[in-house]
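Rule-based calculations on the coordinates, nothing more; no lab input. All values reported here derive from a predicted model rather than from experimental measurement.
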Amino acid sequence: MTLIGAANTLLGWFYLLFDVALLAFTLWAFVDCLIRPGYAFGLAGRKSKWVWLLITGFPAIVQVLTIVANGSVYMSLFLAFLSGLYLFDVRPAVRDYSGNRSRRRGSGGGHTGSGEGSGWSGNYGTGGEPESYDRWGGGTPDPRSW
């Protein structure tokens, strides 16, 4: 084997490893989008779950085809950008509304609706509304705490 042939083989293995890593990245985005509840996307102010399933699923399918058909690295990078957009922008916002928050915030589980640190002062006026919202400094309470 010549030096050029060895370099081409090494470069080919590098591209294959790179494509497999990008496939894992795009599949992670798609599966994460798949397990999130649909209502969380609306509460987070993002596009619907179906739109994000298309945005994250298309790169995963094309990445598989890129590996099989030895496609373009530039296309793989662009599609990984779409998956990254979901993972680093949409996912954190949607995760706050997904319900299973006990893993991130300790073993306390869900919100009880009253008590210290609940956001409600417990001091009700004559109109039936809380007089103040301790955590938010007045205004509408955050629905994530309900």
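Between Rg and the Kirkwood Rh of the range 3-54, both from Cα atoms, what is the Rg to Rh ratio?
Result for the range 3-54 is an Rg/Rh of 1.35.
Along the range 51-60, what does the Karplus equation 6.51 cos²θ - 1.76 cosθ + 1.60 (θ = phi - 60°) give for ³J(HN,Hα), rounded to whole Hz, x for Gly and Pro?
5, 6, 5, 5, 5, 8, x, 4, x, 5
I need the P(r) histogram for the range 23-76: all alpha carbon pairs, bin width 10 Å from 0 out to the longest distance, whole percents.
Values per bin, smallest distances first: 25, 44, 23, 8, 0.
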